[in-house]
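The values are calculated or read from the model by the stated rules, or taken from the named source; none is laboratory data. Keep in mind that what you see is a predicted model, and the values were worked out from it rather than measured. Methodologically, a virtual Cβ is constructed for each residue, glycine included, from the backbone with ideal geometry; neighbour enumeration extends over all protein chains shown.
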Amino acid sequence: MDILGIIRDITGKLFNSPMRPDPAYAVSEEQRPFVATGAILVKANQWTPQSLIIAPTSKIQPREVLCGFWDVNTSEEALQAVDSFLTDGDSRTLDPMLEEYLSGNKTVFTPEQQAMLEFVEGSIMVGYKWNGVVLKRGDIDAVRTSIAWDIERAAFIARLAFNCELMDEPTTWEILKTTRHLAELNFQSWCEYLISFIKGRALVMTDESYRSGMDAMFSNGLLLNDLNWGDVWKWSPLGG
């Protein structure tokens, strides 16, 4: 790992782990597998990923995120957004292009998209070692889908909608069960899921200003694998 990677490793562990959550927000052992999806984006907003409930003291409010990013203000709009990601998400367009790109046709993506993928592959993932996870270029290229980008956003919107009282708890759990099932169908590990999510985000959010956000989400995502108080991915690993 280069010196920059070492610095990121240290700062990630120092600053990307929130404090132990209030036990009142804990979920049952039976529900634990279903807080695994949406957890990357929950943690990116500095909330506790192992609970449906977002503490009211959070600086960023769920409604601000839900309305600001997706213009969701009603229960119907929340359900429509979830359904859109799960049935007609970005991966339907991106994945055939990603297959071509990984087969050698670099021109299938715009220069901006190519630059973001190269940043992901060269600057964020290669050479990182987070909690014993070492990634090589082959590990990254082996993930040939961006579907986690759609799965994660669907789960995140459901969790936000629940906290905004736009979705009841049974409906929220049903959506999280669906997103968990889709993750199981498409990935053998949460690391693969995270790479897929980052690839989707890189291809959609191509402005250079989004680079630092991907860095943080990648480090946070792998940190979800080794939090003393959380372990949302260790609770229920993919691929058995």
Flag for residue 108 being out of contact with any strand residue (DSSP E or B) (no Cβ under 9 Å at 6 or more places or on another chain) and modelled with pLDDT under 90: no
Residue match in region 180-199 (condition: of a type outside the set (Gly, Ala, Ser), in contact with a Phe, Trp or Tyr (Cβ under 7 Å, 6 or more places away or on another chain) and without any contact (Cβ under 8 Å) to a residue 60 or more places away in the chain): yes
Qualifying position, being under 24 Å from residue 78 (Cα atoms), in contact (Cβ under 8 Å) with a residue 12 or more places away in the chain and polar (S, T, N, Q), among 172, 206: 172
Criterion (under 25 Å from residue 232 (Cα atoms) and either at pLDDT 90 or above or in contact with a strand residue (DSSP E or B) (Cβ under 7 Å, 6 or more places away or on another chain) (or both)) met by exactly one of 102, 14, 98, 66: 66
Residue under evaluation residue 152, criteria (1) more than 21 Å from residue 61 (Cα to Cα); (2) buried (at least 21 other Cβ atoms within 10 Å of the Cβ); (3) of a type in the set (Asp, Glu), criterion not met: (1)
Exclusive hit being closer than 30 Å to residue 117 by Cβ, surrounded by 14 or more Cβ atoms within 10 Å (Cβ to Cβ) and acidic (Asp, Glu), set 95, 71: 95
Among the residues listed as 199, 177, the single one being at pLDDT 85 or above, assigned to a helix (DSSP H, G or I), closer than 25 Å to residue 117 by Cα and of a type outside the set (Gly, Ala, Ser): 199
